[in-house]
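Below: the structure, in structure tokens.
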Amino acid sequence: MNDKIKDERHKERQQRLKEKVDQRVANATKEKGLLLVITGNGKGKSTSGFGTVARAVGHGLTAHVVQFIKGSWECGERNLLESHGVNFSVMATGFTWDTQNKESDTAAAQIAWTDAKKLLNDDKTDVVLLDELTYMVTYGYIDLEDVITCINNRPKHQHVIITGRACHRKLIELADTVSEVQSIKHAFDNGIKAQAGIDW
Ligand code: ATP
Ligand code: MG
């Protein structure tokens, strides 16, 4: 096959692809607040959630982050985004991986969830990131049906992002967009410690 024929075939293929993509773009006419779920065992769930918050803020939307796991580390995204008008509710006392006390963990989760519920009822908040919410549901610290009801009843334009491993099947069904981050390899497995700016 000479180069000219190859070029023409390539052009035809690209043209057909373009027509298909244009058709799909033309068909996508709805606009609504989305529920995004970012789950899986690989690294990149919270950073994706924060990246979406940054994207939204860049368009002038108002965003609020609720973090359902309190670590001992500070959070780089918080340092940055708070100075751009993003409010954070961080699970205060109680829950860390160290406590493993169901009563205090549940109490801490409930306080953060109360904040989240207010946001899910506030039509001035355009984007709500519920970082690591999945664990609270898995452990039964927050009631799944309550989460579903609040998400269903939120303002029509509001986007909600849920991150965390092992997301409950019902939340996956409810979501508009779900991504599963798969772990291929992680530096930690080779004895490399978590580092500021990359891991938190
Ligand atoms: P990130 O905040 O970097 O986007 P994540 O939200 O996907 O990560 P989490 O399960 O919330 O992952 O864990 C947060 C911390 O654990 C991060 O420091 C991250 O680098 C680390 N981590 C994530 N996935 C893995 C993995 N597969 N093995 C080891 N450590 C991991
Ligand atoms: Mg995370």
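The values are calculated or read from the model by the stated rules, or taken from the named source; none is laboratory data. This is a predicted model, so every value here is computed, not measured. Reconstructed Cβ throughout: ideal geometry from the backbone, glycine too, with neighbour counts over all protein chains shown. Calculation scope for accessible area: heavy atoms of the full protein, side chains included, ligands and nucleic acids excluded. Shrake-Rupley method; radii C 1.70, N 1.55, O 1.52, S 1.80 Å.
Below are the figures for this structure:
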quantity	calculated
Dipole of the chain, positive end: most advanced residue of Leu34, Val53, Met1 [Cβ charges, Cα centre]	Met1
Heavy atoms of His159 accessible to a 1.4 Å probe, total area in Å² rounded to 10	60 Å²
FRET efficiency, Ala196 to Asp22 (Cβ-Cβ, R0 45 Å, nearest 0.05)	0.50
The chain, accessible surface, carbon-and-sulfur percent (1.4 angstrom probe)	50 percent
GNM result for the chain, Cα springs below 10 Å: residue of Ala28, Ala166, Ala108 fluctuating most strongly	Ala28
The chain, relative contact order [Cα under 8 Å, separation at least 6], %	32 percent
Subset of Lys118/Lys156; Lys124/Lys170; Lys32/Lys124; Lys32/Lys117 violating a 22 Å alpha-carbon distance limit	Lys124/Lys170
For the chain: accessible area per residue (Å², 1.4 Å)	65 Å²
Candidates Val37, Val66, Val25, ranked by Gaussian network fluctuation over the chain, Cα under 10 Å, top entry	Val25
Extended-chain gain in nm, criterion 0.36 nm per residue less alpha-carbon gap, His10 and Glu173	54.8 nm
Gaussian network model of the chain, Cα within-10 Å springs - most flexible of Ala107, Ala187, Ala116	Ala187
Computed P(r) (all Cα pairs; segment 1-139; 10 Å bins; percent)	10, 30, 26, 13, 11, 7, 3, 0
